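K.L.:
Here it is, the structure, as structure tokens.
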Amino acid sequence: LNPHDVVRALLRERADRAPRERGEAYAPANIALCKYWGKRDAGLNLPITSSLSVSLGDLGARTRIEPLDGPDDRFVLNGREAEPNGSAARRVGAFLDRFRGADGPRYFVESESRIPVGAGLASSASGFAALVKALDRLYGWDLPPESLSILARLGSGSACRSVYDGFVVWEAGERADGMDSLARRMDEEWPDLRIGLHIVSSAPKPVGSREGMNRTVETSLLYRVWPERVAADLPRLRDAIRDRDFEALGATAESNALTMHATMMDARPPILYWKPETVGAMERIRALRAAGVAAYYTIDAGPNVKILYEESSENAIREAFPELQIAIPFAQ
Ligand code: DP6
């Protein structure tokens with residue numbers, strides 16, 4: 001199956017519905033505590049391993065889509081019209097093509113994102129998840145969340161997790177068509193959990209996560225142990241979430257991120273996303289821990305550092321990281 005066939009198989013007779021005036025939806029960004037790194041199918045974004053994330057509450061994307069007369073889509077991101085042939089507009093257009101075919105209707109898409117774009121902060125995850133939900137409303141498909149998750153995955157793998165709030169598990173699945181590769185929400189809440197976003201750089205990264213993970217899978221010998229690492233970390237994280245064991249949660253997430261980065265560094269040519277400020281932040285968090293503040297970090301395919309802590313440590317964290325943007329995954 002190619003992505004267009006997957007869309008057809010999920011929509012079936014719904015595919016003929018006429019659009020309403022507009023569809024609008026919100027989706028949160030998400031941060032993986034056990035990372036998705038490596039694909040078994042690049043066309044469908046099927047992962048080699050399962051992953052587990054937490055969604056970032058009101059840090060995410062709100063997207064509106066309307067049918068448009070004319071030959072071209074229009075894409076407005078944070079109030080700015082995207083260059084029609086720029087990478088953002090092309091990626092959105094290619095994604096929409098999977099639903100409409102190459103000569104289907106054109107759309108006006110407007111998206112507001114509260115997170116820095118392209119900085120390894122899962123902006124594409126919330127973007128594609130919000131777009132799929134907005135399409136679902138535009139056409140009144142009323143698809144179940146599992147189907148929305150599969151559709152969001154076709155835009156960006158991690159987007160399949162942004163369909164939900166809270167803790168989310170993306171099961172890698174086994175099928176070649178990916179119909180069993182989708183995310184589900186865990187039935188757990190952790191109101192005190194906080195995620196601080198320490199932005200080291202918002203500049204576009206030199207190697208995108210897509211290319212980075214492909215290169216890692218193809219050339220890194222260390223990558224061979226990654227599935228084993230994930231198999232050990234996932235149950236640890238599930239237990240930690242169930243038991244509200246913050247030390248276990250943080251320590252496992254931090255180690256998992258470091259292992260992922262080790263596989264990247266082992267790629268040929270190697271990939272190193274860290275900047276001096278990244279390492280500086282890692283050191284500061286270690287020092288906080290030595291001083292008795294329970295704080296851990298995770299890092300995605302970029303230089304920025306995401307700090308995991310609980311509400312009771314907020315003052316100490318803010319003092320060490322005054323510029324922190326703070327996400328509350330389970331706001332009441
Ligand atoms: C390091 O979901 O952006 O953030 O499927 O190619 O679009 P594509 O990749 P993407 O990769 C995310 C990688 C990560 C880890 C994670 O979010 O699990």
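The values are calculated or read from the model by the stated rules, or taken from the named source; none is laboratory data. Computed from a predicted structure; not experimentally measured. Ideal geometry is used to build each Cβ from the backbone, glycine not excepted, and the neighbour counts take in all protein chains shown.
K.L.:
What are the pairs, 6+ residues apart or on separate chains, where a residue within the stretch 28-39 that is on the phi > 0 side of the Ramachandran plot has its Cβ under 7 Å from a residue that is at pLDDT 95 or above and more than 7 Å from the ligand (Cβ to nearest atom)?
P.N.:
Matching pairs, first to second residue: G38/P47; G38/I48; G38/T49; G38/T216; G38/V217; G38/Y223; G38/W226.
So that you can scan it fast, the table gives a plain yes or no per residue for (1) within 12 Å of the ligand (Cβ to nearest atom); (2) of a type outside the set (K, R); (3) in contact with a strand residue (DSSP E or B) (Cβ under 6 Å, 6 or more places away or on another chain):
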residue: G140; (1), (2), (3): no, yes, no
residue: L143; (1), (2), (3): no, yes, no
residue: S149; (1), (2), (3): no, yes, yes
residue: C160; (1), (2), (3): yes, yes, yes
residue: V163; (1), (2), (3): no, yes, no
residue: E171; (1), (2), (3): no, yes, no
residue: R175; (1), (2), (3): no, no, no
residue: L182; (1), (2), (3): no, yes, no
residue: R185; (1), (2), (3): no, no, yes
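K.L.:
Can you report the number of residues in the stretch 57-74 which are buried (at least 24 other Cβ atoms within 10 Å of the Cβ) and away from the ligand (no atom under 16 Å from the Cβ)?
P.N.:
We begin by selecting, within the stretch 57-74, every residue buried (at least 24 other Cβ atoms within 10 Å of the Cβ); these are 59-61, 63, 65.
Retained after the next criterion (residues that are away from the ligand (no atom under 16 Å from the Cβ)): 63, 65.
Here the count works out to 2.
K.L.:
Tally time: how many residues in the stretch 308-332 are within 16 Å of the ligand (Cβ to nearest atom) and either in contact with a helix residue (DSSP H, G or I) (Cβ under 9 Å, 6 or more places away or on another chain) or in a loop (DSSP other than H, G, I, E, B) (or both)?
P.N.:
We begin by selecting, within the stretch 308-332, every residue within 16 Å of the ligand (Cβ to nearest atom); these are 308, 327, 329.
Subset that is either in contact with a helix residue (DSSP H, G or I) (Cβ under 9 Å, 6 or more places away or on another chain) or in a loop (DSSP other than H, G, I, E, B) (or both): 308, 329.
Of the residues in the stretch 308-332, 2 are within 16 Å of the ligand (Cβ to nearest atom) and either in contact with a helix residue (DSSP H, G or I) (Cβ under 9 Å, 6 or more places away or on another chain) or in a loop (DSSP other than H, G, I, E, B) (or both).
K.L.:
Could you check S181 against (1) closer than 29 Å to M282 by Cβ; (2) hydroxyl-bearing (S, T, Y); (3) assigned to a loop (DSSP other than H, G, I, E, B) and say which number it fails?
P.N.:
Evaluating S181 over (1) closer than 29 Å to M282 by Cβ; (2) hydroxyl-bearing (S, T, Y); (3) assigned to a loop (DSSP other than H, G, I, E, B) leaves (1) as the failure.
K.L.:
Kindly establish whether I31 is within 12 Å of the ligand (Cβ to nearest atom) and crowded, with 24+ Cβ neighbours inside 10 Å.
P.N.:
Details: within 12 Å of the ligand (Cβ to nearest atom): yes; crowded, with 24+ Cβ neighbours inside 10 Å: yes.
Against the criterion (within 12 Å of the ligand (Cβ to nearest atom) and crowded, with 24+ Cβ neighbours inside 10 Å), I31 qualifies.
K.L.:
If you go through the stretch 203-237, how many residues are crowded, with 17+ Cβ neighbours inside 10 Å, more than 19 Å from the chain's Cα centre (by Cα) and charged (D, E, K, R)?
P.N.:
3
K.L.:
Counting just the residues of the stretch 199-217 that are within 12 Å of the ligand (Cβ to nearest atom) and in a loop (DSSP other than H, G, I, E, B), which one comes out farthest from I115 (Cα to Cα)?
P.N.:
V207
K.L.:
Sort out which residues of the stretch 121-148 are in a loop (DSSP other than H, G, I, E, B) and crowded, with 24+ Cβ neighbours inside 10 Å, and write them in order of number.
P.N.:
Here is the first cut: in the stretch 121-148, the ones in a loop (DSSP other than H, G, I, E, B) are 121-122, 139-144.
Correct list: L121, A122.
K.L.:
Out of the residues in the stretch 34-56 that are assigned to a strand (DSSP E or B) and under 19 Å from A253 (Cα atoms), state the one that is nearest to the ligand (Cβ to nearest atom).
P.N.:
Step one: list which residues in the stretch 34-56 are assigned to a strand (DSSP E or B), which gives 34, 39-41, 46-47, 51-56.
From what's left, under 19 Å from A253 (Cα atoms): 34, 47, 51-56.
Numbers: C34: 8, P47: 8, S51: 5, L52: 9, S53: 6, V54: 11, S55: 12, L56: 12 Å.
Here the residue is S51.
K.L.:
Where the second residue is loosely packed, with under 13 Cβ neighbours inside 10 Å and the first is touching a residue at least 40 places away in the same chain (Cβ under 8 Å) and lies in the stretch 214-226, which pairs have Cβ atoms under 6 Å and are six or more apart or on separate chains?
P.N.:
T219/R268
K.L.:
Among the residues of the stretch 281-301, write down those that are over 14 Å from A316 (Cβ atoms) and aromatic (F, W, Y). Steps first, please.
P.N.:
Going through the stretch 281-301, the residues over 14 Å from A316 (Cβ atoms) turn out to be 281-283, 297-301.
Once the filter is applied, which keeps residues that are over 14 Å from A316 (Cβ atoms) and aromatic (F, W, Y), the stretch 281-301 yields only Y297.
K.L.:
A follow-up question, please. Output the residues belonging to the stretch 115-164 that are modelled with pLDDT under 95, of a type in the set (V, I, T) and within 20 Å of D41 (Cβ to Cβ).
P.N.:
Listed by number, the list is empty, since nothing qualifies.
K.L.:
Looking at the stretch 236-290, which of its residues are outside any helix (DSSP H, G or I) and not acidic (D, E)? Don't jump to the end; show me each part of the working.
P.N.:
Keep residues of the stretch 236-290 that are outside any helix (DSSP H, G or I), which gives 244-245, 266-275.
Listed by number, the residues that qualify are R244, A267, R268, P269, P270, I271, L272, Y273, W274, K275.
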